[in-house]
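Chemist: One structure is given below, represented as structure tokens, and several questions about it will come after.
The values are calculated or read from the model by the stated rules, or taken from the named source; none is laboratory data. These numbers were taken from a predicted model, which means no experiment stands behind them. Reconstructed Cβ throughout: ideal geometry from the backbone, glycine too, with neighbour counts over all protein chains shown. Just the protein is used for accessible areas: all its heavy atoms, side chains included, with ligands, DNA and RNA removed. Shrake-Rupley method; radii C 1.70, N 1.55, O 1.52, S 1.80 Å.
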Amino acid sequence: MPIYFFHIAEGDQVITDLEGIERPDIAAVQRTALESASGLIAEAVKNGNRNYQGRFDVEDEYGNPVLTLTFTCPIQIEMTLSPELTRLQ
């Protein structure tokens, strides 16, 4: 099974994937990139970063680029207490 390397770029920092993971085809590579990006976004939001941006640069085992996935996450959160609850405080 082919091995793909999912390098992560976050701002000026690049995290090089030295191990890689086996995936049967490009559709599986796409799913893995999307799932991984979702996990990174969720972790960033959990840590209070509401403007997270990153990119996956995926290469095959021969160093050929096969996919670039750029993701951004501008999150806006508004919280309003019900008028009944504010009167109780």
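Chemist: Looking only at residues that are buried (at least 16 other Cβ atoms within 10 Å of the Cβ) and touching a residue at least 24 places away in the same chain (Cβ under 8 Å) in the stretch 21-33, which one is nearest to Thr70 (Cα to Cα)?
Modeler: Taking the candidates together, the pick is Ala33.
Chemist: Kindly indicate the residue of the stretch 49-76 that is open to solvent by 90 Å² or more (accessible area, probe 1.4 Å) and under 18 Å from Ser38 (Cβ atoms) and also modelled with the highest pLDDT among those meeting that condition.
Modeler: Step by step, filter the stretch 49-76, then rank; the result is Thr70.
Chemist: Output the qualifying pairs, or none if there are none: Cβ atoms under 6 angstrom, residues six or more apart or on different chains, first residue in the stretch 34-45 and in a helix (DSSP H, G or I), second residue loosely packed, with under 12 Cβ neighbours inside 10 Å.
Modeler: Val45/Ile75
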